[in-house]
Structures are given as C-alpha cells and as structure tokens.
Amino acid sequence: MEKLTEQDRRLLAALQANARISNQELAEKVGMSASACWRRVRALEQAGAIRRYAAILDGPSVGQAFHAVVHVMLARHDHSHVDTFIAEVQRRPEVLDCFAVTGEADYHLRVTCEDLDAYNRFLEGFLFRLPGIANVRTNLVLKTIKQETALPL
C-alpha cells in the first residue's frame, strides 16, 4: 500500500470512530466530495488498510463475563505441532486474539467464555488435548482498564 495521506488518516479515524457513518457524512467530515470519498474508501479496502467492519460488543452484556489471558508454551517447535496449534486456535470462537510472542511463552491468547466452568471445558476439552503443549498459564482479567480497537493515526 502506498503511504497514507493526511486525508486518508482523517477518513480512517472517522471510520474507526463510527463505521456506520454515511458516505455523505464521511465526505463532509473530511472535506471531500461524496464520490471521491467513496472511491478512496474502496481503494483503502482493496489495499487492505481496512480489513473489515464490525460492531464492538460488551462481553458481560452478552453473556461472556469470563475473560483471561492465556500463556501457552509448546514442548518443541515441530512444524506439525505449530501448524496444528495455529489451525485449531483459529477455529475456536473463545479465542479473541492469538499472538506469537518472545519471552517465556510462545503464544498469548485472549480468551472469553461465559464463566469459569466454560473456561475449564475449553482447557480440558480443547487446549490440553492439542499435541505439543508443554505448559499453559492462565491470568484472569479482574477488571478492564482500557480496551481499544482504534489504531492511533
């Protein structure tokens, strides 16, 4: 993707704040014609700068009150174990994020569930059964201090 212009940054910031804004409102907000705005947003989508549009839900309000950060260490970095781990984690709806990281763990997962019983089912019925898992450490989220989805532009 080519370098973002200041106008692109304003478009993206406005869309991050409200993805349901109409094209006409967006164009007015960033000082463009509606047709030019529509073309630029489509170009940003096609270039991959805009991956998708989504509604941000409140976990406890929709029955997902349990939230944890899970640190996973693999026994060895055998390609088949790594590939299996990645493929299986991508299929699990409880896993909101999965990051390959440096340090003590190999992966950090952000997991949400209905409650502790549901999390135990996730661990025992899924995570502990994956090949190559050496260690799993769970940190319970006690309170969310800051959780953002918007990138700083």
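For Val141, the amide hydrogen comes within under 5 Å of the amide hydrogens of His67, Ala68, Val69, counting only partners 5 or more places away or on other chains and with H modelled in the peptide plane. Computed across the stretch 60-140, the Kirkwood hydrodynamic radius from all distinct Cα-Cα pairs reaches 12.9 Å.
Given a Förster radius of 41 Å and the C-beta distance between Arg76 and Leu4 as r, what FRET efficiency does 1/(1 + (r/R0)^6) yield to the nearest 0.05?
On the way: r = 41 Å, r/R0 = 1.00.
For R0 = 41 Å, the calculated efficiency reads 0.50.
Under a 5 Å amide H cut-off, with hydrogens placed 1.01 Å from N, Tyr107 pairs with Val72, Val101 among residues at least 5 apart or on other chains. The alpha carbon centroids of the stretch 1-33 and the stretch 75-93 are separated by 38 Å.
I need the fraction of alpha carbon pairs in the stretch 1-134 separated by more than 26 Å, rounded to a whole percent. Numbers along the way, then the final one.
Values: 4225 of 8911 pairs.
Result: 47 percent of Cα pairs exceed 26 Å.
Read-outs throughout are calculated quantities, based only on the coordinates presented, and are distinct from any laboratory measurement. Predicted model, so just to flag it, every value in this text is computed and none were measured. A quick note on method: Cβ atoms are made from the backbone with ideal geometry, for glycine too, and the neighbour counts reach across all protein chains shown.
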